[in-house]
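The values are calculated or read from the model by the stated rules, or taken from the named source; none is laboratory data. Keep in mind the model is a prediction, meaning the values are calculated, not measured. Virtual Cβ from ideal backbone geometry, glycine too; neighbours counted across all protein chains shown.
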């Protein structure tokens, strides 16, 4: 089952990579270029407040849009990028509230022993689906996620680990070959930012695939 879920996630991503890119890149292209130039040309990487603020504002919009795109395709609906972006704006505040709550829990766990932080990430991996697709309140979405991921903890954790290694090992190997102050490093960082903004959707797709599987199992039992 585990390998099937990973394979299904990759297959879905390959088929929908262009559509996902069209949702994300109109936001991320200007953001990544600005952030990279700001960090490496104007501030030498010492000032990160403005890039973090921009990401804080923009990230929820296209992430929400992607989640609704995935869910709409699975349900057989067709929703265009503009309507998806509007949903991103509409759900921005509840989503950012959820993200802050999960982020604080993750940070607290990482500060303590690392492992509790990983536990929070995995157990809250269904929360954004509960929030957006079932219109739960942020706290309720977290509670439902914690409950529904209990049986699938190791599947989610190992899936996230495999995706992370396959995606990021080549990047860190590549950037280690160049000086951080070099123009080549800057170009690689910009291109990598664009690429990984799309590739990172694999984590969402995999979590959603497990989420849908969990729902189907619960329905069959009921």
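Output the residues belonging to segment 96-128 that are crowded, with 16+ Cβ neighbours inside 10 Å and part of a loop (DSSP other than H, G, I, E, B).
124, 125, 126
Going residue by residue through segment 129-143, is there one that turns out to be in contact (Cβ under 8 Å) with a residue 60 or more places away in the chain and not in a helix (DSSP H, G or I)?
Checking segment 129-143: not a single residue is in contact (Cβ under 8 Å) with a residue 60 or more places away in the chain and not in a helix (DSSP H, G or I).
What number of residues in segment 177-205 are crowded, with 18+ Cβ neighbours inside 10 Å and not in a helix (DSSP H, G or I)?
0
Can you tell me which residue among 167, 107 is modelled with pLDDT of 85 or more, out of contact with any strand residue (DSSP E or B) (no Cβ under 6 Å at 6 or more places or on another chain) and within 24 Å of residue 69 (Cβ to Cβ)?
Only one candidate qualifies: 167.
Can you tell me how many residues within segment 55-88 are surrounded by fewer than 18 Cβ atoms within 10 Å (Cβ to Cβ), touching a helix residue (DSSP H, G or I) at 6+ places or on another chain (Cβ under 6 Å) and over 12 Å from residue 133 (Cα atoms)?
Count: 3.
Take the residues in segment 110-145 that are more than 22 Å from residue 70 (Cα to Cα) and in contact with a helix residue (DSSP H, G or I) (Cβ under 6 Å, 6 or more places away or on another chain), then tell me which one is modelled with the lowest pLDDT.
Within segment 110-145, the match that is modelled with the lowest pLDDT is 110.
Here is a list: 172, 152. Which entry is touching a residue at least 24 places away in the same chain (Cβ under 8 Å), more than 23 Å from residue 62 (Cβ to Cβ) and in a helix (DSSP H, G or I)?
Exactly one of 172, 152 is touching a residue at least 24 places away in the same chain (Cβ under 8 Å), more than 23 Å from residue 62 (Cβ to Cβ) and in a helix (DSSP H, G or I), namely 152.
Based on what the data block shows, is residue 53 modelled with pLDDT of 90 or more, assigned to a helix (DSSP H, G or I) and more than 17 Å from residue 191 (Cα to Cα)?
no
Scan (1) modelled with pLDDT of 95 or more; (2) closer than 23 Å to residue 202 by Cβ for the single condition residue 58 breaks and write down its number.
So residue 58 meets the others, but not (1).
In contact with a helix residue (DSSP H, G or I) (Cβ under 7 Å, 6 or more places away or on another chain), part of a helix (DSSP H, G or I) and on the phi < 0 side of the Ramachandran plot, is that true of residue 93?
Answer is no for this residue.
Taking residue 87 as the residue in question, decide whether it is at pLDDT below 95 and part of a helix (DSSP H, G or I).
no
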